[in-house]
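The values are calculated or read from the model by the stated rules, or taken from the named source; none is laboratory data. If you're wondering where the values come from, they're calculated on a predicted model, not measured in any experiment. So basically every Cβ, Gly included, is an ideal-geometry build from the backbone, and we count neighbours across all protein chains shown. With ligands, DNA and RNA removed, areas are computed over all heavy atoms of the protein, side chains included. Shrake-Rupley method; radii C 1.70, N 1.55, O 1.52, S 1.80 Å.
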Amino acid sequence: MKSGTRCSLAGLDVRRGCVRNAHNPAHPKPTKGNSGPPANLNLKRLSRERKPRQTGGMHPNEQKQQFSFAYLRAIASAAGYAVTRPDIDDDSVDLTFSARGGDGTIRSPRLDAQVKCTADPVTEGGDFTFRLPLKNYDDLRPLELQAPRILIVTYVPRNQDDWIRQTDQELVLRRCAYWGSLRGQPDHPVGAARNPRVPVLLSRERLFSRSALRQIMHRLSEGGVP
Amino acid sequence: MTATLRDPDTLRSLRPLEIRRYLEATGWQRSRVGAPHSPCWTLRKGKSDYEVLVPPSPELRDYPLRITELLHTLEVAESRSLPEIWQDLTLSGYDVVRVRVQPKDCEPGSIKLDQGIVLVQSTREMLLAAACAAVEPRRAYPTRKARQAAEFIQRVRLGAPERGSFVVTALSPVPPSLEPGADGQERLDVAEPFERDVMLKLVGSLGALRRAAEGGSTTDFDAVVREGVSANLCAAIADMDAAPAGTEGVEVALSWARTRPVAAGLPRRVLISSGAMPVIREAARVFRETTPVEEFELTGTVIRLDRPDTAREGTVTILGFVEGSPRRVTLQLEPAEYAVAIRAHEERLPVQCAGVLRRTATSFRLEGVRGFDVANVT
């Protein structure tokens, strides 16, 4: 389950991105005053890692997170739901989707989401596998929750230039997000790894779309689960 | 949101019952969906509809998260600051007594340290007096208080100072009343717990004290003893006012625990003006001096023996401690006990006995003397 096994779907999209963009992520432009890496560095690894760019000082991981939040907010607003960022030290809920009450307050139904973003999707029989940190896995499993929790994984092109496409006609956010529920899943053996991760399978059918969100919220308001 | 209100443990400390009682008291209604055990509560205010979710148990994993949502909605719906709402919510299980004084020579919000100590001490004495009165109304209470009252005062907490003129806040935890059953019926015929009795007695006795002080006669004060006015209460209130330059008066305000509602119409605050304090202080002295102390235990030395030739009984004067000061106490003794007194006097031994201590014009008298003997001095 290495990130090197690039999936066909991802390949398709990335290729589409490459066609439209002159800049190829596999060959980053050398920066001014830097003719190349020192010989003793791992060139393969360097080529995979993104060079710091003019990103307003934002770390690439932070950038991915913010982009995925914006992506999900766009979907939620189109579906007519509010998105709030929990104001509490709880790192397993990134966003809460809810209906709107008076003066912008929130009301039921509520749906908590752990949001992940990756540029390296892994496929398994057409579905996706995401290697979720064990802590997040454990926080998403419990049944004793007032509001249900889901995992949302947003996939973005590797090249940040391909994340959005904008014309005077449209704004395209790339690529998409899938969701899954780990409610009631069994314990995962801890193992010896320092930062253990759990491979989580996300069905390709569970695209996190406007209609999917509406359906989830409808099920919750009927007393069901996501 | 303040730092403490981001801490999951702090948020978990707020109990669902406290929240529900708060919502009930502030006009929220249980959502009709899934009533009567729906976790959703709604409030309609003008054109706005608000909803809050009260998770049924703090054990739920997302309890802290749901509480932050609830607090945020309350903040918006009530247009009040979060610290204010938080304080009201967390104190909903306490009867809160606020003693407010404004010394004339002090800036608002602070008080001289020594006065602060007196104020806290007097607040304790006031509550203890109310607790004793809740056990049994009397004109004065001895140093050793009834067990129930002594246990009560151990449970009272001192709250954080509040803004404004100087306020001492005492928190008395009260058990929550049971929520109405499925039929919506509450049981009204059950006696209140002692903690609540004390507070009811406090508010009643302070009102009575103010009336008596306005009247100003011994009869006026005697008439309110059964309402809980005692030497101890009078002394506590008079001490609160004891700032060198005087105060603007003493105000005692009570907010009832939301988890145990009271009948409507009870007074929430009593203001006792500075002008009434001399009368109250005098009432404390008179009550104290005219009240016999039951079960008084006296230890001291025999300093005078007096028995006329024809009499069986003799009068003995003992130098002992009364309320912390050396006092002469006289008592009548039967022949056998009188003989013990003579021996003690000759051999310079201390004696001990018990009885009812009464103050006379010039000294003290011990009546109904029991157990007169040479003291066991180790």
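Quick notes on this one:
- Exposure of A:HIS218 as accessible area (Å², to 10), given a probe of 1.4 Å and all protein chains: 110 Å²
- Whole-Hz ³J(HN,Hα) from phi, Karplus 6.51 cos²θ - 1.76 cosθ + 1.60, for the range B:64-75, glycine and proline x: x, 5, 5, 5, 5, 4, 4, 4, 5, 5, 4, 4
- Mean residue ellipticity at 222 nm, helices only, the protein assembly as shown: -10000 deg cm²/dmol; runs of at least 4 DSSP H residues each add -39,500 (n - 2.57), and the sum is divided by the number of residues.
- Highest mean first, the peptides B:112-120, A:130-138 sorted by other C-beta atoms within 10 Å per residue fall in the order A:130-138, B:112-120.
- Using the Karplus relation 6.51 cos²θ - 1.76 cosθ + 1.60 with θ = phi - 60°, the per-residue 3J(HN,Hα) values for the range B:315-326 come to 9, 10, 10, 10, 8, x, 9, 10, 6, x, 10, x Hz, with x marking Gly and Pro.
- Shown here for the range B:265-328: trypsin sites (Lys or Arg not before Pro) in loop regions (DSSP other than H, G, I, E, B) with at most 15 other Cβ atoms within 10 Å, namely B:ARG268, B:ARG312.
- Pairs of Lys residues in the protein assembly as shown are counted when their Cα atoms are under 28 angstrom apart and they lie 8 or more places apart or on different chains; the count is 21.
- Relative contact order for the range A:148-204: 35 percent, from Cα pairs under 8 Å spaced at least 6 residues apart, divided by residue count.
- With contacts taken as Cα pairs under 8 Å and at least 6 residues apart, the range B:293-374 reaches a relative contact order of 32 percent.
- Accessible surface buried once B binds A (1.4 Å probe; total of both sides; Å²): 2100 Å²
- Solvent-accessible area, 1.4 Å probe, carbon plus sulfur percent, for chain B: 51 percent
- Beta bridges from DSSP with both residues in chain B: antiparallel share about 95 percent, rounded to the nearest 5.
- Nonpolar atom fraction for the range A:59-221, defined as the carbon and sulfur part of the 1.4 Å probe accessible area, stands at 45 percent.
- Reduction of at least 20 Å² in accessible surface, 1.4 Å probe, comparing all protein chains with the chain by itself, residues of the range A:93-120: A:GLY102, A:ASP103, A:THR105, A:ILE106, A:ARG107, A:SER108, A:ARG110, A:ASP112
- In this structure, the amide hydrogen of A:VAL198, modeled 1.01 Å from its nitrogen in the peptide plane, lies closer than 5 angstrom to those of A:LEU132, A:LEU134, counting only residues at least 5 positions away or on a different chain.
- Overall, the anisotropy analysis places the range A:134-226 in the oblate class: the square-rooted eigenvalues a ≥ b ≥ c of its C-alpha gyration tensor yield a/c not less than 1.5, with a/b not exceeding b/c.
- The local environment of B:VAL156, defined by Cβ-Cβ distances under 11 Å, has a net charge of 0 under the rule Lys, Arg +1 and Asp, Glu -1.
- Average beta carbon contacts from partner chains per residue of A:145-154, 10 Å cutoff: 3
- Helix axis angle, B:335-347 relative to chain B longest principal axis, alpha carbon, degrees: 80 degrees
- Taking Cα atoms only, the orientation of helix B:231-240 departs from the longest principal axis of chain B by about 60 degrees.
- Global geometry of the range A:59-221, whether rounded, prolate or oblate, following the gyration tensor of its Cα atoms and the 1.5 cut on a/c: oblate
- For B:GLY46, neighbours were defined as the other residues whose beta-carbon sits under 15 Å from its Cβ, and their charges (Lys and Arg +1, Asp and Glu -1) total 0.
- For the range B:137-153, backbone phi angles converted through the Karplus equation (6.51, -1.76, 1.60; θ = phi - 60°) give residue-by-residue couplings of x, 9, 6, 7, 10, x, 4, 7, 8, 4, 4, 4, 5, 5, 5, 4, 5 Hz, Gly and Pro being listed as x.
- Across the range A:59-221, the relative contact order, built from alpha-carbon pairs under 8 Å that are at least six residues apart, equals 23 percent.
- An oblate overall shape is assigned to the range B:3-91, the ratio a/c of its alpha-carbon gyration tensor axes (a ≥ b ≥ c) being 1.5 or greater and a/b not exceeding b/c.
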